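Bear in mind that the values in this text are calculations on the coordinates, not laboratory data. Every value quoted in this text rests on a predicted model; they were computed, and no experiment measured them. Don't worry about glycine lacking a Cβ; one is built from the backbone with ideal geometry, like all the others, and counts go over all protein chains shown.
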Amino acid sequence: MPDSPVRVAVTGAAGQIGYALLFRIASGQMFGPQTPVRLQLLELPAALPALDGVRMELDDCAFPLLESIVCTSDTDEAFADANWALLVGAVPRREGMERKDLLSINGGIFTGQGESIARTAADDCRVLVVGNPCNTNALIGSTAAARHGMARDRWFAMTMLDESRGRTQLSAKAGVPVATVRDLAIWGNHSSTQFPDAWHATIGGRPAPEVIDDDAWLEGEFIAGVQQRGAAIIKARGQSSAASAANAIVDTVRNVTQPGGAVFSAAVPAPTEGGYDVPEGLVFGYPLRATAPGSVEIVQGIEHGEFARARLAATTAELLEERAAVEELLA
Ligand code: NAD
Ligand code: LMR
């Protein structure tokens, strides 16, 4: 017997990531083959004709699990009763920009959307912010939503793409299948200060540094490669990552909704306790584990050496700077 349908709101649905994402949700890859889905797609008015074309293509796939599609530029209509809100709609950076350069353009989107989600979405709604700079946009959105009573721990920002990039780098260096690389946590900001922690990753069940046996590579080329991968894609493609970003969205939602003990990366609001001394409320990338469908805990007990502590301090400082830059949106 099929499960009850999941309502999924996707913003920026006519954009590049939207085009790579919607078909995967509708085919069942996000919520599984037993769960019908209802898509609630938000776009700017100017992009509604293009979104209508995407809707026609979704119709033409005749996906058995796809129960309905709403296309709208009305925020409340898009988020009404949504169980998941995937906040993709935002301007991407161009070559030569850092993601935080987008704050003044994109930050304001997330106050209205946060308020609307808190007012109109389902009580169990979980939110994944993808639009950049995603950590601070999630801080803005979750703060606006909290003003309307929504718990901040239902908000996530996406660092899964960084984790996947890092796992592939480690597997290539070790010459082993990527599936054997696990527990690679991305700490901090989805930016060029993030800290991909190979020191607590495992390869075939053994500590990654022991298998790789090249600390200089781990501290240098590996970290820089993950930090700069988004920029490298923009340089090569002329546009930012889209299919791999959509894949990371699918992986994030699956990890949050399907507790199985696996450690995965996403950014969440730093808690009062158990957040590794990160200032409370900053949306910070951690290793997480799902404890029940939709609920996660931060993996505890990880000890960082001096090198890692310096990296964590740098990415925390950047997030504090970003928070200061959007102070008026948080007031
Ligand atoms: P895109 O320009 O192709 O699409 C963005 C879409 O969002 C456009 O169709 C636009 O009309 C729409 N949009 C803009 N403002 C909106 C609003 N207020 N409400 C609803 N829709 C709105 O961009 P893209 O390549 O799909 O990327 C989207 C965002 O995702 C960018 O900010 C990009 O930097 C970010 N991104 C994040 C990650 C990550 O790992 N966190 C990875 C890739 C891309
Ligand atoms: C990425 O990591 O690919 C995205 O955040 C897009 C970007 O601006 O790099």
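A few comments on the model shown:
- Comparing mean-square fluctuations of GLY32, GLY275, GLY96 from a GNM of the chain with C-alpha springs under 10 Å, the top value falls on GLY96.
- Local net charge near ASP76, Cβ-Cβ under 14 Å (Lys/Arg +1, Asp/Glu -1): -2
- Length gained on full extension, ASP124 to ALA216: 28.6 nm, using 0.36 nm per residue less the C-alpha separation.
- 3J(HN,Hα) along the stretch 296-305, derived from phi through the Karplus expression 6.51 cos²θ - 1.76 cosθ + 1.60 where θ = phi - 60°, amounts to 10, 10, 7, 5, 9, x, 7, 9, 9, x Hz, with x in place of Gly and Pro.
- In plain terms, the residue of HIS190, HIS304 with the fewest other Cβ atoms within 10 Å comes first and the most crowded comes last, giving HIS304, HIS190.
- The stretch 183-331: C-alpha gyration tensor shape, a/c 1.5 cut-off, then a/b vs b/c: rounded
- Sorting the segments 246-257, 6-17, 56-67 by their residues' average number of neighbouring beta-carbon atoms within 10 angstrom, most packed first, yields 6-17, 246-257, 56-67.
- Summary value for the chain: 17 percent relative contact order, contacts being C-alpha pairs under 8 angstrom separated by 6+ residues.
- For the pair the stretch 178-228 and the stretch 16-74, the centres of their Cα atoms are 35 angstrom apart.
- Potential extension, ASP74-GLN239 segment - 0.36 nm per residue separation minus Cα distance: 56.7 nm
- For the chain, with +1 on Lys and Arg beta carbons and -1 on Asp and Glu, the positive-most of PRO207, GLY108, CYS61 along the dipole: CYS61
- Using only the C-alpha atoms, the convex hull of the chain corresponds to 134 Å³ per residue.
- Ranked by how many other Cβ atoms sit within 10 Å of their own Cβ, fewest first, the residues MET158, MET30 fall in the order MET30, MET158.
- Which of ILE186, ILE69, ILE203 has the fewest Cβ neighbours within 10 Å, and the rest in rising order: ILE69, ILE203, ILE186
- Across the stretch 66-130, the mean sequence separation of Cα contacts (distance under 8 Å, 6 or more residues apart), normalised by length, yields a relative contact order of 52 percent.
- Each residue, ARG94 and GLN300, gets one label point 7 Å from its Cα in the Cβ direction; the gap between the two is 4.9 nm.
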